[in-house]
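The values are calculated or read from the model by the stated rules, or taken from the named source; none is laboratory data. For clarity, every value in this text was computed on a predicted model and none was experimentally measured. All Cβ positions, even for glycine, are placed from backbone atoms using ideal geometry, and neighbour counts span all protein chains on display. All accessible areas refer to the heavy atoms of the entire protein, side chains included, with ligands and DNA or RNA removed. Shrake-Rupley method; radii C 1.70, N 1.55, O 1.52, S 1.80 Å.
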Amino acid sequence: MKYVGEVPQEELATGERSTRNRIARSVLDHGPSTAADLAKRLGLTQAAVRRHLDSLVAENVVEPREQRIYGQRTRGRPAKVFALTDCGRDAFDQSYDKLAVDALHWISQAAGGGEKGEAAVAAFARARMNAQAEAYRKAVEAVGPEERTEALAKALSVDGYAATARNAPVGEQLCQHHCPVAHAAEQFPQLCEAETEVFSSLLGTHVQRLATIAHGDGVCTTFIPRSTAQTTPSASASTPGRNPA
């Protein structure tokens, strides 16, 4: 069942599927969300959103989770949030995942498998990210230090990562609510490692990956220390991936 770009016209005409598509897309773009969050974003009542969420849960498109709290926890039960399932993510634009996994397996085996195969995949992942990072570097270098994380998030969103930046204790968090290669990264963590190295190089500081979609988390979350706002990317940033995070 497709939720973006391939929804049958007869389903759209009913309005039901169209609304569920909007809800699923909002969860993709913003990460795990409460019914209240979704109602506010989409201009719907919470009752209507909950009804559609029940259907999406039944279809295994989204699943309820306990909201993850960063920092000091407040009193009361954590709000329930809804996150995309693997099935829900598949409904978007991961149609090339199998091709990517097959290609990476081929690269690994062609290099001899084992440690040599892992090294070959890592080299490919770095080369891929280095090329992809050209556009990211231009976006980052076009703004002041305090705006670099936000600029990187916007550049990543252009490539389909639905990324956002937000303040966090003693730093910022770069959140990627979608990963076009999540299934491939689940089998080949070198893809995530290369991406983290590039983020570190572009932002001119050590960064820490807190969560990844490939490991089952709802959002890929990278922590950037507050010092980033006072740091100018080093000369080595011209070659992302050279200094591992």
Starting from the range 103-119, keep only residues that are free of Cβ contacts under 8 Å to residues at least 24 places away in the same chain, then list their pairs with residues that are polar (S, T, N, Q) and surrounded by 12 or more Cβ atoms within 10 Å (Cβ to Cβ) whose Cβ atoms are within a distance under 6 Å, requiring at least 6 positions of separation or different chains.
-> GLY117/SER108
Determine if the range 155-171 includes at least one residue that is among the hydroxyl-bearing types (Ser, Thr, Tyr), farther than 30 Å from GLU115 by Cα and more than 11 Å from the chain's Cα centre (by Cα).
-> no
For the range 21-38, pairs from a residue that is over 14 Å from GLU63 (Cα atoms) to a residue that is polar (S, T, N, Q) and surrounded by fewer than 22 Cβ atoms within 10 Å (Cβ to Cβ), with Cβ under 7 Å and 6 or more apart or across chains, are ALA36/GLN46; LEU38/SER26
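Within the range 133-160, how many residues are free of Cβ contacts under 8 Å to residues at least 40 places away in the same chain and not aliphatic (A, V, I, L, M)?
The initial filter retains those residues of the range 133-160 that are free of Cβ contacts under 8 Å to residues at least 40 places away in the same chain, namely 134-135, 138-139, 142-144, 147, 150-151, 153-159.
After this cut, where a residue has to be not aliphatic (A, V, I, L, M) as well, the list is 134, 138, 144, 147, 150, 154, 157, 159.
Counting residues in the range 133-160 that are free of Cβ contacts under 8 Å to residues at least 40 places away in the same chain and not aliphatic (A, V, I, L, M) gives 8.
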Over the range 165-213, the set of residues among the β-branched types (Val, Ile, Thr) and closer than 22 Å to LYS138 by Cβ is THR196, VAL198, THR205, VAL207
Restricting attention to the range 176-195, does a residue exist that is open to solvent by less than 10 Å² (accessible area, probe 1.4 Å), within 10 Å of THR149 (Cβ to Cβ), in a helix (DSSP H, G or I) and modelled with pLDDT under 90?
-> no
Within the range 198-211, count every residue that is open to solvent by 10 Å² or more (accessible area, probe 1.4 Å) and under 16 Å from the mean Cα position of the chain (by Cα).
-> 3
Which members of the range 110-144 meet the condition of being under 26 Å from LEU203 (Cα atoms) and in a loop (DSSP other than H, G, I, E, B)?
-> ALA142, VAL143, GLY144
If VAL198 passes every condition in (1) in a loop (DSSP other than H, G, I, E, B); (2) touching a residue at least 60 places away in the same chain (Cβ under 8 Å) but one, which one does it miss?
-> (1)
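Restricting the search to the range 145-164, which residues are assigned to a strand (DSSP E or B) and open to solvent by less than 30 Å² (accessible area, probe 1.4 Å)?
At the first step, the residues of the range 145-164 found to be assigned to a strand (DSSP E or B) are 163-164.
Listed by number, the list holds a single entry, ALA163.
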